[in-house]
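Okay, structure first, notes after.
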Amino acid sequence: MCTPSLISRKTFLKAGLALAASPLLRYVPAHAAAAQVTEVAPGVFVHQGRYEVQSPDNRGDIANASFVVGSEAVAVIDTSGSAVMGEELRDAIRTVTNKPIKYVINTHMHPDHVLGNAAFKQDDPIFVGHYKLPRALGTRADSYVTANRQMLGAEAFAGSEIILPTLAIKEPTKLDLGDRELLLEPQSTAHTDNDLIVTDTKTDTLFLGDLLFSVHVPTIDGSIKGWLGLLEAIGNRKAARVVPGHGPKSMKLPEALEPEQRYLAAIADDVRRQIAEGKTLAEATKTAGFSEKDAWKLFDQYHVRNVTAAFAELEWE
Ligand SMILES: [Zn+2]
């Protein structure tokens, strides 16, 4: 972090610039510096989030956020978990290119991927998501805002808001950035009911959002069966690299998927067996999938919830 005086000076300067460019005074949350990004392929940049739960200290910087630079425009793929972090991502984009930010794409509804959207309103981009994203985010907006304001604290949450997509993707769709295209493919229910896979066809880079967790334990908010099925299909694809929603900046198929497949299969196998044996949910949450305990960060925070979700789904098979 910078010293407070540096932050306020930078905020003042940015506010002044925004005022000069626009008749409307724009609110710019205080932020420290440009987010750290790595160019994982030509024109493809990834910022890696921390393996943590949202806190005032990490300011919602817990998920990967990326951008792709074409000859005419830039597309952002996920915006991190606060407007403050979104501003830092935007600063990182501006250290690389002055091309217009035409698209802001969200891979799914979770706050750590969408709450930075507000930082890009000044660019007047097209906000893009799965066709089920508007409804999913709309019904959860109040609870997401309340929970994240509480976890981040007022300062880190400042300026954050839920912004719904204006372009809803129902069929595979291409977006032109000039000299390169992004392919957007809506998926059926897996991590959530609104997962979107984005492919930069020029470099054969797949942005999987939270269909892929690495190191950070996966979280189930859709369908464990749907997710396992989709992972098998993704494993059969060819790609130069994949970018996970949580994990390293760049990984290879099919190895990248294997720990997550093993984790989800362990839960599904244990829960199915326990249901067949007449065990209760309470019993399942004490044992199912615990062979995976040492393989993941944040296991204690999310695993029992995953077993609970899996049990509710598999009970009715
Ligand atoms: Zn997620």
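The values are calculated or read from the model by the stated rules, or taken from the named source; none is laboratory data. In this text the structure is predicted, and so the values were computed from the model without any measurement. Backbone-built Cβ (ideal geometry, glycine too); neighbour counts: all protein chains shown.
Structure above, values below:
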item	result
Answer residue from the stretch 196-208, given it is in a strand (DSSP E or B) and over 15 Å from Pro248 (Cβ atoms) and is farthest from the ligand (Cβ to nearest atom) among those	Asp200
Residues within the stretch 204-242 that are surrounded by 17 or more Cβ atoms within 10 Å (Cβ to Cβ), β-branched (Val, Ile, Thr) and in contact with a strand residue (DSSP E or B) (Cβ under 8 Å, 6 or more places away or on another chain), tallied	5
Residue match in the stretch 194-216 (condition: in contact with a helix residue (DSSP H, G or I) (Cβ under 9 Å, 6 or more places away or on another chain) and either of a type in the set (Phe, Trp, Tyr) or over 24 Å from Gly81 (Cβ atoms) (or both))	yes
The stretch 225-243 residues that are farther than 19 Å from Ala63 by Cβ, paired with ones that are buried (at least 19 other Cβ atoms within 10 Å of the Cβ) and hydroxyl-bearing (Ser, Thr, Tyr) (beta carbon under 8 Å, 6 or more apart)	Ala239/Thr199; Ala239/Thr205; Ala240/Thr205
Any pair with Cβ under 7 angstrom, 6 or more apart, that starts in the stretch 145-162 at a residue that is surrounded by 13 or more Cβ atoms within 10 Å (Cβ to Cβ) and ends at one that is assigned to a loop (DSSP other than H, G, I, E, B) and aromatic (Phe, Trp, Tyr)	Gly159/Tyr27
Checking Asn64 against (1) loosely packed, with under 15 Cβ neighbours inside 10 Å; (2) closer than 30 Å to Leu177 by Cβ; (3) modelled with pLDDT of 60 or more, the condition it does not meet	(1)
Top-ranked residue of the stretch 209-237 - restricted to ones that are of a type in the set (D, E, K, R) and in a loop (DSSP other than H, G, I, E, B), ranked as farthest from the ligand (Cβ to nearest atom)	Arg237
